[in-house]
Amino acid sequence: MTEKVLPVYNEANNQIAFLMKRYMAAQMEAFPGKAFFPDANLTLRASYGQVKGMQARDGIYYIPQTYLDGVIEKYIPGDFEYDLPAKVLELYQSKDYGRYADGEGRMPVCFIATNHTTGGNSGSPAINAYGQLIGLNFDRLWEGTMSDLNYDASICRNIMVDIRYVLWLIDKVGGAGYLLDEMTIIQGDVEKEKTANKKSKRK
């Protein structure tokens, strides 16, 4: 790794960094009316987007939300990546998702959105329009990994773990529900609740 890979890797990265300046300058000259995202290196980085699916290729569409059912489908006992704690399997069998299930009784796991992310964004909080934590960013779809060079909202999607899944793992699987006592947990559909509150005030 040190002798054969890193020297070549670092040289390639140096060339990319040098050429990126010319590439961005060329884009700004070719598309003077386009709004380009700034170089946010070493600064607080924030992006916005919509929870939204993606047409990956002909006949294949990625829905924006995944569920525990998919995790169970991938379960391989003893496998480094796909093994699961016995407690997860037990709770799945009994469908014991507590207050973290969605409106249809399913356990949400991950979701995708049109937010732009880059290397180093893993663990970044995803918040909704009301400043509430709804997930944590950790990856990008394979089809959108070129977004550092060219962000295309039609195919670029970041991947976030749903905060309901995180809370379920802490509470039900890990048995550390006391940690949630320090948090304010919002139940239900925030948008519907706000609409209902507005109507009640008008009355």
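Read-outs throughout are calculated quantities, based only on the coordinates presented, and are distinct from any laboratory measurement. On a predicted model such as this, the values are computed, not experimentally measured, just so you know. So basically every Cβ, Gly included, is an ideal-geometry build from the backbone, and we count neighbours across all protein chains shown.
So what is the 222 nm mean residue ellipticity for the chain from helices alone, if each DSSP H run of at least 4 adds -39500 (n - 2.57) and you divide by all residues, rounding to the nearest 500 deg cm²/dmol? Please list the in-between numbers first.
On the way: 5 runs with 59 residues, N = 203.
Here the helix-only value at 222 nm equals -9000 deg cm²/dmol.
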- Query: What spacing in nm lies between the two simple spin-label points modelled at residue 133 and residue 60, each 7 Å away from Cα in the Cβ direction?
  - Reply: 3.4
- Nearest-ten-degree value, helix 190-202 long axis tilted from longest Cα axis of the chain: 70
- Query: What list of ³J(HN,Hα) values in whole Hz, one per residue of segment 73-90 in order, does the Karplus curve 6.51 cos²θ - 1.76 cosθ + 1.60 (θ = phi - 60°) give from phi, with Gly and Pro shown as x?
  - Reply: 4, 8, 4, 10, x, x, 6, 4, 9, 10, 6, 9, x, 4, 5, 5, 5, 5
- Please list the non-local residues whose amide H lies under 5 Å from the amide H of residue 157, H modeled 1.01 Å from N, same-chain partners needing a gap of 5 or more. 141, 144
- Query: Using the Karplus equation 6.51 cos²θ - 1.76 cosθ + 1.60 (θ = phi - 60°), what ³J(HN,Hα) coupling, rounded to whole Hz, does each residue of segment 55-60 give in order, writing x for Gly and Pro?
  - Reply: 7, 6, 6, 4, x, 10
- Given the Cα-Cα distance of residue 166 and residue 37 and 0.36 nm per residue of separation, how much length would full extension add, in nm? 43.4 nm
- Task: Based on the mean of other Cβ atoms within 10 Å per residue, sort peptides 168-177, 70-79 so the most packed one is first.
- Result: 168-177, 70-79
- Set of segment 21-63 residues, backbone N closer than 15 Å to the point 7 Å along the Cα-Cβ line of residue 73: 60-63
- Note on the structure: Stretched fully, the stretch from residue 8 through residue 82 gains (0.36 nm per residue minus C-alpha distance, one decimal, in nm) 23.4 nm
- Item | Table column - 3J(HN,Hα) (Hz), segment 118-125, Karplus curve with 6.51, -1.76, 1.60, x for Gly and Pro | 8, x, x, 7, 4, x, 5, x
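Using 0.36 nm per residue of separation minus the Cα-Cα distance, give me the extension gain between residue 30 and residue 122 in nm, one decimal.
On the way: separation 92, 0.36 × 92 = 33.12 nm, distance 3.25 nm.
Result for the pair: 29.9 nm of gain on full extension.
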- Note on the structure: Cross-link reach from residue 52 to aspartates and glutamates, straight Cα distance under 18 Å and at least 8 residues apart if same chain, gives 102, 139, 143, 152, 162, 189, 191
- If you find the alpha carbon centre of segment 97-148 and of segment 1-49, how far apart are they in angstrom? 24
